[in-house]
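For reference, the structure is listed below as structure tokens.
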Amino acid sequence: MPKTTIGKSLFLDGELTGKDGLIIKGKLNGNIKVEGSILVEKDAIVKADIHANNVKISGEVKGNISSTGNVHYMEDSTVTGDTKTSRILIEDGATIKGSVHINI
Amino acid sequence: MNKKVQENITTLHKDISFNGKLVGDEDIIISGRLEGVLQTSQNLTIEKSGIVKADIKSINLVLSGTLVGNVNSKGTVIINKSGRMVGDIKSDKIIINAGAQYKGTILTKGSSKVRSTQKISPKKNSRLKTKR
């Protein structure tokens, strides 16, 4: 489990980088570049390009996602943007608008 | 209980750095790097490994790491012995522990009273002027 958590009431505007994973419960605008995994929780709103290893989304994301591992769009997720990954799992109910590139 | 407490805490871990504006209504713990603006209506803790270059608004602030920037606190500011800070502090209560490094100006509630007495003195001058 990643130790870095962006809480529900938080609003971040800027660039987030690092080697660790992330859990986002709040709002974030900008850019995310991490080497760990990212979990965007149900009520979170992320307007950012995401570069990470594993990406799991249950909230709302506007931006391009590029992953070196797995991408998992859960049933409550809303994603607007392109996805680049080697493995993807899209659950029933997920809302997606954008192109998907697998195996790059 | 512990889980509930954890839900309302935001943490920036050691290997994470953030550049920009962070605004929130909950406790924040920073062990990583942060540059920009940091505002919370709750408590802020900067851990030993934390490096913050930001203007800060919070209730209580506990500093064990490095901070460059001005602090506006409504509660207590505590700088621990491992803490280093450059910047101004505006707070009601300030504790700087032995071993801490600090450079800056401190403004407490008491000092604002001093200011108000200073404001009275120019009035006396104006009276003198009228006599002349």
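Each reported figure results from applying straightforward, stated rules to the coordinates on display, with no laboratory input. Since the structure is predicted, the reported quantities are computational estimates derived from the model, not experimental observations. Here the Cβ positions follow ideal geometry from the backbone for every residue, glycine too, while neighbour counts run over all protein chains shown.
Taking H as built 1.01 Å from N, whose amide H comes closer than 5 Å to the amide H of A:Val61, not counting residues under 5 places away?
Answer set, sorted by chain and number: A:Val46, A:Thr78, A:Val79, A:Thr80.
Which residues' amide hydrogens lie under 5 Å from the amide hydrogen of A:Val100, considering only partners 5 or more residues apart or on another chain, with H built in the peptide plane?
For A:Val100, whose amide H was placed from the backbone, the distant partners under 5 Å are A:Thr83.
Report the Cα centroid-to-centroid distance between segment A:1-23 and segment B:19-87 in angstrom, as an integer.
16 Å
Any idea what % of Cα-Cα pairs in segment A:4-102 are farther than 23 Å? Present the calculation step by step, with values, prior to reporting the outcome.
Values: 597 of 4851 pairs.
Value for segment A:4-102 (Cα pairs over 23 Å): 12 percent.
Whose amide H sits under 5 Å from the amide H of A:Ile88, counting only residues 5 or more places off or on another chain, with H placed in the peptide plane?
A:Val71
With unit charges on the beta carbon (Lys/Arg positive, Asp/Glu negative), name the residue among A:Leu16, A:Ile50, A:Leu28 whose Cα is farthest towards the positive pole of the charge dipole of segment A:1-50.
So the residue furthest toward the plus end is A:Leu28.
Can you pull out the trypsin sites (Lys or Arg not before Pro) in segment A:1-54 that DSSP calls coil and that have at most 14 other Cβ atoms within 10 Å? It would help to have the intermediate numbers written out before the result.
Details: sites: A:Lys3, A:Lys8, A:Lys19, A:Lys25, A:Lys27, A:Lys33, A:Lys42, A:Lys47; in loops: A:Lys3, A:Lys8, A:Lys19, A:Lys25, A:Lys42.
Listed in order of number, the matching sites are A:Lys19, A:Lys42.
Among B:Ile78, B:Ala54, A:Ser67, whose Cα sits farthest toward the positive end of the charge dipole of the protein assembly as shown (+1 at Cβ of Lys/Arg, -1 at Cβ of Asp/Glu, about the Cα centre)?
B:Ile78
What GluC sites (Glu not before Pro) does segment A:15-53 have in DSSP loop regions with at most 14 other beta carbons within 10 Å? Intermediate values should be presented prior to the final figure.
Details: sites: A:Glu15, A:Glu35, A:Glu41; in loops: A:Glu35, A:Glu41.
Loop-located and lightly packed - A:Glu35.
Across the residues of A:21-30, average count of Cβ atoms on other protein chains within 10 Å? The partial results should precede the final answer.
Details: counts 3, 3, 2, 0, 4, 6, 2, 3, 2, 4.
That works out to 3 on average.
Rounded to the nearest 500 deg cm²/dmol, what is the calculated helix-only ellipticity per residue at 222 nm for the protein assembly as shown, with -39500 (n - 2.57) per DSSP H run of length n ≥ 4?
Details: 2 runs with 29 residues, N = 236.
Value at 222 nm, helices only, nearest 500: -4000 deg cm²/dmol.
From the cross-link list A:Lys3/B:Lys48; A:Lys42/A:Lys84; A:Lys19/B:Lys74, which pairs have alpha carbons spaced over 26 Å apart? Don't jump to the answer; show the numbers that get you there.
Details: A:Lys3/B:Lys48 16 Å; A:Lys42/A:Lys84 22 Å; A:Lys19/B:Lys74 34 Å.
Pairs exceeding 26 Å: A:Lys19/B:Lys74.
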